[in-house]
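Input: a single structure, listed below in structure tokens.
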Amino acid sequence: MGNLKTNRSVGLYVALTAIMNFLPVVLVVVIGKRLASGSGNLLSAALGLGGGLKDMLADIMVILAVAWIFIIVYCIYLLVLFWGVCRDMNVICQKYSLGATMNYIFVMLLSAVTLNIYYIFWSNQQGNRLKEAEGCYQRQVKGTGTSHMVFALLGSVPVWGMVFFVYKVQSDPLYFMAHPLFTIVVSFIGFVLGFMDLVNRAYFIRDVNTLAEAYNGQGAGYASGGYQGKAAGNAMQQGGCPQSPAGDSMQPEGYSQDPAGSAMYNGGPEGYTMPVNEWMPDAAEAWKPADTGAQAGALVGRKGEYQGASIPVEGELAIGRDGTSCQVVIKKPDISRKHCTIRYNPGNGVYTVTDCSSNGVFDREGNPFPKNVPVACSSGTVLIIAKSGNEFLLQ
């Protein structure tokens, strides 16, 4: 696919939506003044408005026709705008297997049928997708799944208010006339909350523009600063994201292929508090430097952002949220900056895993690894990284 659109105007959307939100107030004021005007009113004469009932109704019809034309044009604009936003969002996220959203028309139809409940769920889902893509493209986005959900929830209150209004008018036509203060306060609150959806959508436009720029910069290849390697079929990205299936197995930027890098073993890991051979006899051999030319271990993604990727383990491999100190980056709230480290001794095929995190590393049965204590593990061990949905296999 060609370059994505990066210049969708947030300002134009905000301006047109603000006019749309104020339109009912403007219509009430304009039509009210026209009804109150008389044939001798100087303002009416200056505007060429007749004073008769027929002329007055004709003027009101013209005002309503102009309003309807604006509403139709705005709805078409909104449909085209967010159809394109959703399309580009899918292109951006599918490059790293981050899922897809349905066509925007179906999103709006489902939202209408469910009184915006589906729209709240959809906003949360798409906000989470864009936040995950943030790490893949190394570009900051403003919205999160939670913030989009909150804005969509608040923006849906006026919709539910209209349903309540229709119900009360049918059951008690004079209810709102009998409670004018309540009517005014509720109408004002609904008017203000209506702008929350404006904020929600504006963030979507802005964030898709930002990620589209990064996507265009990467082209069909890999993100700048990402992994680059030789063997086909094992796709990874520094941002903690799997590459497309056709991608290559990639090497972390600055990752040492020189076996001398295994000198990091000397002195043990940071935070070492317990001899590793207390966990497994002979496991101390896992700390011996790798022989020159020895085969590296491999960390295979079972679930999550690295599913299907095979990551070479030479020297020390760090998993965490910080892209400057970790080779495997996972941008999730419950992942520590440096969550855990993995080392491999090709001499005996033993891995050593150290949990440096706040939220833990767990084995296949859900048992936690001890904090800051190197644990010797054999091939076939499963590592569950906190509650991030990411699992790895020591191969």
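The values are calculated or read from the model by the stated rules, or taken from the named source; none is laboratory data. Quantities reported herein were computed from a predicted structural model and do not represent experimental measurements. With ideal geometry, Cβ positions are generated from the backbone for all residues, glycine too; neighbour counts draw on all protein chains shown.
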It is to be established whether one or more residues within region 59-78 are within 30 Å of Y215 (Cα to Cα) and aliphatic (A, V, I, L, M).
yes
Check region 190-199 and report whether any residue there is in a helix (DSSP H, G or I), closer than 22 Å to A212 by Cα and either in contact (Cβ under 8 Å) with a residue 60 or more places away in the chain or in contact with a Cys (Cβ under 6 Å, 6 or more places away or on another chain) (or both).
yes
Considering each residue of region 10-24, count those that are in contact (Cβ under 8 Å) with a residue 60 or more places away in the chain and either of a type outside the set (V, I, T) or surrounded by fewer than 11 Cβ atoms within 10 Å (Cβ to Cβ) (or both), and give that number.
4
Sole residue being surrounded by 14 or more Cβ atoms within 10 Å (Cβ to Cβ), in the same structural domain as I19 (by TED's automatic domain parsing) and not polar (S, T, N, Q), chosen from V80, V73, V157:
V157
Exclusive hit being in contact with an Asp or Glu (Cβ under 6 Å, 6 or more places away or on another chain) and surrounded by 19 or more Cβ atoms within 10 Å (Cβ to Cβ), set R343, R321
R343
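Could you please give the count of residues in region 365-395 that are of a type in the set (V, I, T) and either part of a strand (DSSP E or B) or not assigned by TED's automatic domain parsing to the domain that holds G301 (or both)? Outline the logic, then answer.
To start, the set of residues in region 365-395 that are of a type in the set (V, I, T) comprises 373, 375, 381-382, 384-385.
From what's left, either part of a strand (DSSP E or B) or not assigned by TED's automatic domain parsing to the domain that holds G301 (or both): 375, 382, 384-385.
Qualifying residue count, region 365-395: 4.
Please indicate, with yes or no, whether at least one residue in region 126-139 is on the phi < 0 side of the Ramachandran plot and surrounded by fewer than 16 Cβ atoms within 10 Å (Cβ to Cβ). Talk me through it step by step, then tell me what you get.
The initial filter retains those residues of region 126-139 that are on the phi < 0 side of the Ramachandran plot, namely 126-137, 139.
If we keep only those that are surrounded by fewer than 16 Cβ atoms within 10 Å (Cβ to Cβ) as well, we get none.
Checked region 126-139: no residue is on the phi < 0 side of the Ramachandran plot and surrounded by fewer than 16 Cβ atoms within 10 Å (Cβ to Cβ).
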What are the pairs, 6+ residues apart or on separate chains, where a residue within region 176-187 that is assigned by TED's automatic domain parsing to the domain that holds P158 has its Cβ under 9 Å from a residue that is outside any helix (DSSP H, G or I)?
A178/D172
I need every pair where a residue in region 25-36 that is in the same structural domain as S187 (by TED's automatic domain parsing) and under 16 Å from A58 (Cα atoms) has its Cβ under 9 Å from the Cβ of a residue that is outside any helix (DSSP H, G or I) and not aromatic (F, W, Y), sequence separation at least 6 or different chains.
R34/L49
